[in-house]
1. Buried accessible area between B and C (1.4 Å probe, both chains summed, ligands and nucleic acids excluded), in Å² to the nearest 100?
2. Just reorder C:Leu128, A:Leu84 by solvent-accessible area, largest first, 1.4 Å probe, all chains present.
3. What order do A:Arg373, A:Arg433, B:Arg61 take when sorted by accessible area (1.4 Å probe), most exposed first?
4. Quick one: the Cα spread of the range B:141-285 along its three principal axes, in angstroms, biggest first?
5. Would you mind giving the total buried accessible surface between chains C and A, with a 1.4 Å probe and ligands, DNA and RNA left out, rounded to the nearest 100 Å²?
6. Report the far tail of the P(r) of the range A:66-192, meaning the percent of Cα-Cα pairs longer than 20 Å.
7. Which loop chymotrypsin sites (Phe, Trp or Tyr not before Pro) in the range B:53-141, with loop taken from DSSP, have no more than 14 other Cβ atoms within 10 angstrom of their Cβ?
8. Taking N as the number of residues in chain C, what is its alpha-carbon radius of gyration divided by 2.2 N^0.38 Å?
Amino acid sequence: MKKIGVFVCHCGINISSTVDIEAVKEALKNYPGVTHIEDYKYMCSDPGQNLLKERIKEKGLDGVVVAACSPTLHENTFRTAVMLVGMNLYNCEIANIREQCSWVHKDKKVATKKAKLIIKSVVEKALLNEELEPVKVPVTRRAMVVGAGIAGIQAALNIANSGYEVVLVDKNPSIGGRMAQLSETFPTLDCSQCILTPKMVEVSQNKNIKLMTYSEVVDVSGFVGNFKVKIKKKVKYVDWDKCNGCGICIEKCPVTVSSEFNQGVGKRKVIYTPFPQAVPNKPVLDAENCTYFIKGKCQICKKLCPPDAVDYTQVDEFVEEEVGAIVVATGYDTYDISNMEEFGAGKIPDVIDGLTFERLLSSSGPTNGEVRRPSDGKIPKEVVFISCVGSRDPEHHFSYCSKICCMYSAKHAMLYKHRVPDGQPFIFYMDVRTGGKGYEEFYQRAQEEDKVIYLRGKVSKLYREDGKIVVCGIDTLSGKYVELNADMVVLATAIRPSAGVNEFARLLKIHYDENGFLTEAHPKLRPVESLSAGIYLAGCAQAPKDIPDTIAQASGAAAMVANLFASDHLLHEPLIAGVNEDLCSGCGFCVTVCPYDARKLNKEEGIVEVNEVLCEGCGSCSASCPSGAAQQKNFTDTQLVNMVKAILKD
Amino acid sequence: MEISYFPGCTLKTNGRNFEGTALPLLELFDIHAKELDDWYCCGVSFSQSADNLMQQIAPIRTLVKAKESGNTRLLTLCAMCYNTLQRAIFFIKSDEDKRDIIHDFMYREGTKFYGDEVEVVHLLTLLKEIGSEEIKKRVKKKVDEFKIAPYYGCMLLRPKEVAIDSSNAPEIMEEILEAAGCETTYFPFKTECCASYQIVNNSEIVKARTKKIVNSAVKNGADVIVLSCPLCFYNLDEIQIEIKKEDKNFKTIPVLYFTQILALLMGIKSEVNNFSLHYIDPTPVLKRKGLL
Amino acid sequence: MEKRMTVSSQNFKNEDIQKLEEISEVNVYSCYQCGNCSASCPAFEFMDMPPHQVIRAVQLGFIDEILEANTPWICAACISCTVKCPRGVDIAKLMEGVRQVILRKGIDHLNINEIDKKLREQLPQIALIANFRKTIL
């Protein structure tokens, strides 16, 4: 029989205040297999680890059980420690007597009894553990970044500059994302495009970046280090290899439609680039609105194109890329104002959302930066900004705070005042959240210098009257019901994950929360990783955030990719489920329950085969196997039975 | 088709113009509203105190009557009856403990009520079910430039769980009136309260509310306001006379039940309208528009 | 109304405050004082204490202010506040609770005999019956 050492941690008083350590030691010291038992105040501390190492050598232990906190916290610590004295790390087991025992009980007697049982059962497991070696997996040192807004651009540049190739995919004709639509950025009032375009150009010039715009990921297979991604390159009707970007087609196209880039307040041609600094600066043709595609006549673009790049016969193209890591930077949409019935549900023309207002402020926008209201082009003299539209409203919309609206509404009010000095901005707010460097000072400036009037309270409704928009609200600070006759109203609508991202997440097998934002591996300690190895998150796809936070997260994701690529192979946990070929009847139950596609039925041999790299050791197969052929390493049926027996014995 | 019908008190008195037009209107669609036998008062205002179940007994007795009648689709016209009965159903379904106490109290009455056995339906919902096409078919008169401001008030829209349409931006009355060939106006005050029972001893509030509501309708070019609640009707109609006494510039507007308009359009004899019950006489505008 | 108030844990142990929570079953601590209840209240200008301040007073245990306010008697139970509340506070129910706390002390807010006889005959019954909210039944 193996010689097992048990080490009981007090965790200060976290464990010892509810678990009687002496009683636990007494109960375990003569348990079969236990040759040594000892307690210590903090096992995870340096002296605690040293104690573990010393006793392994001294007592010749060939297995240890550390009874302490959850294995998600210090399993790694103790396993590394035992490895240093030559023990196979799979001979080190953790008995969780904190989260699953001392923290959830008040009665010391009950907790002590439970701690004893937990440790005994883990001792049973440790007795039959095998020595295992990690599985080696090769890594394709090439990454894909999905979404080329500021998050995707930053991640792609960082990865590319670390020396690895990056495929950067975006569904729009140009990179730049939402940031390209913004006017000026808080709190410095830098022109958004001015600070973004150098990065966009850098992307186009970087030899390590393969740019795929107007493209969508349609399928993902494989696993960390070895993903295969299928991409649809949407039909552009323009051969970009031939196109020289001269713009004649755009200039001469006779049909104009509403511009998505300008949030519907401006126009674009049917053959178009979304904005002048687009990267790549080559047009796509929107067949849905094209006279040639509708009526079979026109062809002006084709006739006038000097390099003859317009090609009406083009179709969607599908390509496959092999990458080792994926960064998801799919960004955000704003909550549609049609959802806000009390604010006119989008039917009042001069009630717009913040993103639309950005286009009105932008010097490259449809009004060349003059604030003119969409209905009649007049300069609005009284503008009301409303915060928390859809955010912080669990009863009707979303419970979360969209984080950036306080700042951008202050910025909007300020910029409006700069453009229309005799105009008056008002902001309805509930709380002003200015956590960020220089943010509170910016807010103070908006109030002091630009005389933005803040009204504390909600707006209950908006309605049209005599060419104005009547804003009915409350100022809780004065306790007054207030009515304002506004010329324009700007709604700070909630930040939403961009459309389609949840289907994309299912494709990637990554999680999203109840609001649709992608879930990070740990809310504090692993904010840039998804729960699937090799897939990382950046930007507003994970949660609403401003530009500095987005850049930081994107660089973090890039660093994780570089970290992964530092070696040409990966070590995969060997705690996987194998197949006992003598017992397997080839029924295939395990194949259907495996969520990772790790098991395949070999019909010729009549047995199931396992791809060790894909297996995540979830145990679904062993639970479903009728013959006991599927056995998870170090979690065999015998071990489980022994563990249960140990618990039921007393 | 026969449907159970709960009129409530006011339809037999002040609201005779409502019942008088609604029932013949339904007959045009071959729907016969059969009044419950020996019905009680619905209780009018739904009790909101958690510890006083006595006040739930009135609406529940009415619902029991409907259950016993065997015809368990229960039509209401009055918005307050609709609200009280519908909320009583939600109440009985959502709290088992309180339901048991009520059952114990009513044990002599035999029939137990659990909530799902009766469906309370308001006339507007019923007309929407009937559909625009059927409504269109029965319209006999065509009106031009007759602008109607549909007023919903509170009890058909709030709380959310009993709302017959969106609480913030209802359209159901517009849909029905437009199907009948009427033009409806933009009316931002259509869901605002008229101050309800405050008319009894705080009529100043009703006055202030009516002024806002009527002004908004007039401003948006309405010829008449239509509604579906006998209390709103009284408040909006009668108090305009008082306002006019104080403010000569105040422009009054006739108030009608939406069923009166539909009945006139569908050629039902005009006597059922009981125009004598109106404070602001609607007959001049109806004549001008060719409805009388 | 008092301008200087003492806030202490004793405020919340007040019998009326506890009774109010019991009758209304409303958790006033959900309220973050956005004021939408007041902004949508049709009788705001007639109230000496707007609805959001009533909730605030309950949160801080200022029971006397609530009992003295005319607010619950001006409230027409139109439920605009409740449907607007972003945190799901049923303010209309809370108002009913306040009315009940007061009525159960034997303090009446309606003398039926004071209503003009002519008016009584002219009013729709539903107005009269609904207005009984203000009296001890």
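The values are calculated or read from the model by the stated rules, or taken from the named source; none is laboratory data. Everything quoted here is computed from the prediction, not taken from an experiment. Neighbour counts run over all protein chains shown; Cβ positions are idealised from the backbone, glycine included. Ligands, DNA and RNA are stripped out before the accessible areas are found, and what is left, the full protein with its side chains, is counted by its heavy atoms. Shrake-Rupley method; radii C 1.70, N 1.55, O 1.52, S 1.80 Å.
1. Details: alone 13230 and 8520 Å², together 18330 Å².
Approximately 3400 Å² gets buried when B meets C.
2. Putting C:Leu128, A:Leu84 in descending order of accessible area: A:Leu84, C:Leu128.
3. Reading off the accessible areas and sorting them downward yields A:Arg433, B:Arg61, A:Arg373.
4. Per principal axis, max minus min of the Cα coordinates gives 41, 39, 27 Å.
5. Numbers: alone 8520 and 29430 Å², together 36630 Å².
Roughly 1300 Å² of accessible surface disappears when C and A pair.
6. Considering the range A:66-192, 68 percent of its Cα-Cα pairs are separated by more than 20 Å.
7. Of the chymotrypsin sites (Phe, Trp or Tyr not before Pro), the ones in loops of the range B:53-141 whose Cβ has at most 14 other Cβ atoms within 10 Å are B:Tyr114.
8. 1.10
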